[in-house]
Amino acid sequence: MITLGFDTSNYTTSVACFDGTQGHNCSRLLDVKPGQLGLRQSDALFSHIKRLPELADRLFVHLDPSEVGAIGVSTRPRAVEGSYMPCFLAGESQAAVLAGALHRPLYRFSHQQGHIAAALWSAKRLELMKRPFLAWHLSGGTTELLLVTPAHRNVDARIIGGTTDLSAGQLIDRTGILLGTAFPAGKALDQMAQRSSSRDCFSVRVQDCRFSFSGLQNKTEAYFAQTGDADATARYALLSVISAVRRATLQALSQYPAYPVVFSGGVASNSLLRSRLTGFETVFAQPEFSTDNAMGIAVLTFLQEDGAWNREF
């Protein structure tokens, strides 16, 4: 049996398939004009509608429709009441049409649940779906520290920390615009930071696993104005983010000792972050499955089928 997944986030259009062991994800970033920080929801929705047929053709060309057992889709950012974003309507509508045409069940998940599942699958740690753990969702729109527990062949994620204003991804993208990079700026800042050996860092205040990045944005702008060094500024911003994430994690681990800490979301693909978060059990998605993707949705869909949840991962 093969399951299909659809995810139409505010950054990426993606479709994926999963057979219980292996999977394949086809995705494409939404086009953003130079100097802009993202898209309006109406523009993102329109872009998804245009991109989905192209990506579906690439994914489906080698698939036998008779082998498709179920279809899954992300329909909202988080699995809580009131969580809504119009861009997810693009994936939901096309997934519903396909499920109806093939007479297959349709399962709906949150974008965040998909991120967590993609991280666990790509790190070969799907067994964590059956026990509590901590997870960071670090992306352009979200910087949340989560307490994750099993829930009906899925996961429940409760926020216990994170940013109170700007997300890590927003800070990185705004720093990128300051330094003249394209949007999204994550990869560019990662490369720039690797070219610098600076140890400069701003100590963000962390209390009860929570922190604010608005002050860091001001400090980063001032640092660049003072030094004129783009590479050092990129490193300064990233080291400051990593320091805040680390201290919030240690505070959480004082309440939940020995819990594994899973990292998902586009910011979690940053090489500096992955190398510096040590001293506790970390689970990182493969970089290609850290960013927005439909792979986790396809995995979650597979787990809904009879017998899948009870097998050894």
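The values are calculated or read from the model by the stated rules, or taken from the named source; none is laboratory data. The structure displayed is predicted, hence computed values, not measured ones. For neighbour counting, all protein chains shown are included, and Cβ atoms are generated from backbone atoms with ideal geometry for every residue, glycine included. Ligands, DNA and RNA are stripped out before the accessible areas are found, and what is left, the full protein with its side chains, is counted by its heavy atoms. Shrake-Rupley method; radii C 1.70, N 1.55, O 1.52, S 1.80 Å.
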Give, rounded to the nearest 20 debye, the magnitude of the charge dipole that segment 1-151 has about its Cα centre when Lys and Arg contribute +1 at Cβ and Asp and Glu contribute -1 at Cβ. 280
Of L63, A258, Q191, which is farthest along the charge dipole of the chain in the positive direction, counting Lys and Arg as +1 and Asp and Glu as -1 at C-beta? A258
Where does segment 41-114 land on Rg(C-alpha)/(2.2 N^0.38 Å)? 1.16
Report R158's accessible area, 1.4 Å probe, all protein chains in place, as a number in Å² to the nearest 10. 120
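Write down the Kirkwood hydrodynamic radius of segment 67-207, to one decimal in angstroms, obtained as one divided by the mean of 1/r over all alpha carbon pairs.
17.7
Around T163, under 9 Å between beta carbons, what's the net of Lys plus Arg minus Asp minus Glu among the other residues?
-1
What is the sum of charges, Lys and Arg at +1 and Asp and Glu at -1, for the other residues whose Cβ falls under 13 Å from the Cβ of G279?
Local charge sum for G279: +2.
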Quick one: what are the phi-derived ³J(HN,Hα) couplings along segment 307-312, Karplus 6.51/-1.76/1.60 with θ = phi - 60°, whole Hz, x for glycine and proline? x, 5, 5, 8, 7, 6
Euclidean distance of C-alpha centroids, segment 154-229 and segment 1-50, integer Å: 24
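In whole Å and largest first, what semi-axes does the C-alpha gyration tensor of the chain yield when each eigenvalue is scaled by 5 and square-rooted?
33, 23, 15
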Between the alpha-carbon centers of segment 55-81 and segment 273-298, tell me the distance in whole angstrom. 22
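If the viscosity is 1.306 mPa s and the temperature 10 °C, what translational diffusion coefficient in µm²/s does Stokes-Einstein give for segment 1-96 when Rh comes from Kirkwood over Cα pairs?
Result for D is 113 µm²/s.
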Cross-link partners of K130 among aspartates and glutamates (Cα-Cα below 14 Å; sequence separation of 8 or more within a chain): D156, E312
For segment 208-255, take every pair of Cα atoms, bin their distances at 10 Å starting from 0, and report each bin as a whole percent. 26, 44, 22, 8, 0
For segment 13-59, rounded, prolate or oblate, judged on the Cα gyration tensor with a ≥ b ≥ c (square roots of eigenvalues), a/c < 1.5 rounded, else prolate if a/b > b/c? prolate
What is the magnitude of the charge dipole of the chain about its Cα centre, with +1 placed on the Cβ of each Lys and Arg, -1 on the Cβ of each Asp and Glu, and no other charges, expressed in debye to the nearest 20? 640
With Cα atoms, 0 to 90° folded angle of helix 168-179 axis to the chain main axis: 60
Förster radius 45 Å - calculated FRET efficiency between H103 and K124, Cβ distance, rounded to 0.05: 0.85
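Select from segment 252-313 those GluC sites (Glu not before Pro) which occupy a DSSP coil region and have at most 15 other Cβ atoms within 10 Å, ordered by residue number.
E281, E312
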Using only Cα atoms, find the angle between the long axis of helix 214-227 and the longest principal axis of the chain, and express it within 0 to 90 degrees, rounded to the nearest 10. 50
